[in-house]
Amino acid sequence: MTARVAELDVTKERFWGEFVSSLHVPESGDVTRTDAAVIDVRGSIERLGAVESRYRALLEGLPLVAFVCGWESGRRMRYVSPQVEALLGFDQAEWLEGEDLWDARLHPEDRGRVLEAAGEAFGAGRPLRMEYRLLRRDGRAVWVREETDPPVTLGDGPRLAHGVLIDVSERRATETALERERARAEGYRARLEAIGDGAAASDGGPGPAGAPNDPLTGLVTRPGLEERLHAAVDTARDSGEEVALLCIDIDSFKLVNDSLGLEAGDELLRQVSARLCRLVGPNDALARPGADEFLLMLGRLESGAGLDTSEDAARRVAEILSEPFEVAGSELAVTAGVGASVSPRDAREPEELLKHADAAMHSARELGPSEFALYGGGTIEARLQLAETARLRRAIGAGELVLHYQPIFALPSGEVAHLEALVRWQRPDSGLAAPLSFIPLAEESGLIESLGRWVLDALLEQAGEWLGEGRDVRFSFNVSPRQLRRSDFARNIAAAIEQRSLDPARFCVEITESSAMRNSHAVEPLLRELRAAGLRLAVDDFGLGYSSLDRLRDLPFQMLKIDRSFLARTPEDRGCAGIVRAVLELAEALGMEAVAEGVETEEQRRFLEERRCPLAQGFLLSRPLPASEVAALLPAPAGAETASAPRG
Ligand code: C2E
Ligand code: MG
Ligand code: MG
């Protein structure tokens, strides 16, 4: 009799069935008959599923971590039950998706013996029973007992072993306390004996086994971090990787203690440490060495990545602290100064690394609240306004940016030919901020990309409305050098315009002369791509950069905006007036439209008209205005002339 479960397709309905057959073998030995039947096993499969989920619920409810592991050049976890999060602070997904956490979180002192024993047991097909320490996300060590069965091979699958990890920290702590008591009693007895002998006894009892944790936050203290730092620097030395150390100091912490009391101060530190824990990855460690100071070690960084990673981490520190804290019924805003140092770049030894990170933190302190400093041979190499960056990041998402539009007028008709979109930041605390107060920071911190995306979206939205009303106007917007570094820059702009079914020829991208020329060979393909997509291109602030006229002729620009500093002294300063005249002629010779920026007086306007400058922009003609006000200056919607009856 044979039986097997198969997926059957009878009466067009697919279902799981068990196929049973039996052979009738008479005495002659020839098979005469085969009986077969199909038994519907849907019910049992459902029951099996129910049993499995009950079994899983039972397993995942136990006060231990169950796991299944395999072996590929080291132990690899294939399954870990969700209790692992409560035990170690990394959730099930982190455990199964990233690099091998079990290996990364082994306590450096236990690592050697554990790896050796695990390898031996797996290789020899033996069970493994041992106790060792794993490091939690917050750096605390947890004693676990591991009980793993001998590995088995299922079918032709890989060899796997299943086991459990049980938290035995409490028992170990009791044992350690007993041990300490015993040692103290021993010491006492020895001292008594020494007194009996008449000799002087030393005061130093045996040190506690392992580094204690900070009782307030549960984080490791400085000795605990130093231990991990030594191990990380050693590993980095062997593998050619880098280790970064960040020293984080909470600004004005004393003020909280003084004004709200020590308990509130403690509560704030607990909350800060809980947030900082979010930055701790498998190879990292966080400690609180002093009252309002934290040390964050980032291990196993690729060679050369230490600097950028430290900057990113400092930025994230500012960001996660930027959400207000609720302590003793008050909302507290917290900022921190951050200093960083990278090994082996700045220091070969852990002690040196600690010293340098500390020095960098003090430099950051001197720069002002919420600053970042990076140690580099005793000088500050990088400096970021961390808190301001965090505020700007939030502003972009929170709708605090607005676009104003400054008209560019055709001369001599005085009609609005273009609108230049200029961004402003409507700050909740201090009103409207001009772009030059935050664009450089956006550039430096990388936020310019999301800011640029916001500007384009807001412009296209508004342009869509005006063009939809039939108004005949063109638009221009500014882009920063850093935006030009992305190879998908032009593609994204073209796609956004196409998505809204707008005419790309209505849009002009303004690029300052210096950013276009500084790296013109790298920028040229992007410019050509924008042109191919139908957009227009303007050289902004012309005259301040160092254009080679030859290059300017090669690049596909259609507009040339003369920097307003030349116009400012025109016509009284003959040199400046001469330059304006020459640039107007140059634009004409290159077939480009010239725009004079910064027209503030009637005289300047007359000067430009006499020299046949086609376009002008400036406070005399119009300041940048909010959309609602600039709309009144735009050409009337097509057909409006007929719609509104002529007056008088
Ligand atoms: P820009 O592109 O050269 O823009 C013209 C600037 O000159 C504007 O300053 C405008 O208000 C100012 N201006 C116009 N007419 C006059 C005048 O008659 N006299 C004087 N003294 N100034 C005049 P704003 O709005 O402060 O913008 C400054 C710069 O910020 C812009 O210079 C541009 O480089 C940058 N910027 C503005 N918006 C954006 C943006 O969305 N993205 C990027 N990347 N940069 C932007
Ligand atoms: Mg501009
Ligand atoms: Mg300009």
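The values are calculated or read from the model by the stated rules, or taken from the named source; none is laboratory data. Since this is a predicted model, take the numbers as computed values, not measurements. Using ideal geometry, Cβ is built from the backbone for each residue, glycine included, and neighbour counts are taken over all protein chains shown. What goes into the accessible areas is simple: the full protein's heavy atoms, side chains included, and nothing from ligands, DNA or RNA. Shrake-Rupley method; radii C 1.70, N 1.55, O 1.52, S 1.80 Å.
Under the classification rounded if a/c is under 1.5, otherwise prolate if a/b is larger than b/c and oblate if not, where does segment 530-647 fall, given a ≥ b ≥ c as square roots of the Cα gyration tensor eigenvalues?
Oblate shape, in that a/c is at least 1.5 and b/c is the bigger or equal ratio.
So, R0 is 22 Å and r is the distance between the beta-carbons of L255 and E331; what FRET efficiency does that work out to, to 0.05?
In this case the efficiency is close to 0.95.
With r defined as the distance between the Cβ atoms of E600 and E415 and R0 fixed at 22 Å, what FRET efficiency is calculated, to the nearest 0.05?
After rounding, the FRET efficiency stands at 0.65.
Please say if segment 535-600 is rounded, prolate or oblate, where rounded means a/c under 1.5 for a ≥ b ≥ c the square roots of the C-alpha gyration tensor eigenvalues, and otherwise the choice is prolate for a/b larger than b/c and oblate otherwise?
Because a/c hits 1.5 or more and a/b exceeds b/c, segment 535-600 counts as prolate.
How much length would be gained if the chain were fully extended between D103 and S501, taking 0.36 nm per residue of separation minus their Cα-Cα distance, in nm to one decimal?
Roughly 137.9 nm would be gained on extension.
Under the rule a/c < 1.5 gives rounded, and otherwise a/b versus b/c splits prolate from oblate, where does segment 318-375 land using the Cα gyration tensor?
Taking the square roots of the gyration eigenvalues as a ≥ b ≥ c, segment 318-375 is prolate.
For the pair S514 and E175, how long in nm is the line joining their label points, each one 7 Å along Cα→Cβ?
In this crude spin-label approximation the distance works out to 6.7 nm.
How many angstrom lie between the C-alpha centres of segment 526-579 and segment 581-604?
Each part's Cα centre sits 9 Å from the other's.
Quick query: amide H of R78 versus all other amide H atoms, modeled in the peptide plane; which residues come in under 5 Å with a sequence gap of 5 or more or a different chain?
For R78, whose amide H was placed from the backbone, the distant partners under 5 Å are V68, C69, G70.
Please report the carbon-and-sulfur percent of the accessible area for segment 62-167; probe 1.4 Å, protein heavy atoms only, DNA, RNA and ligands left out.
Carbon with sulfur: 52 percent of the solvent-accessible area.
Net charge near T148: determine it from the other residues with C-beta under 11 Å of the C-beta of T148, scoring Lys and Arg +1 and Asp and Glu -1.
+1
Could you compute the FRET efficiency for D472 and R623, with r as their C-beta to C-beta distance and R0 at 25 Å, rounded to 0.05?
Taking R0 as 25 Å, the efficiency between D472 and R623 is 0.65.
Along the Cα→Cβ direction, 7 angstrom out, place labels at A631 and S303. What is the inter-label distance in nm?
6.1
Want the number for R113 to R56: 0.36 nm per residue separation, take away the alpha-carbon distance, what's left?
17.3 nm
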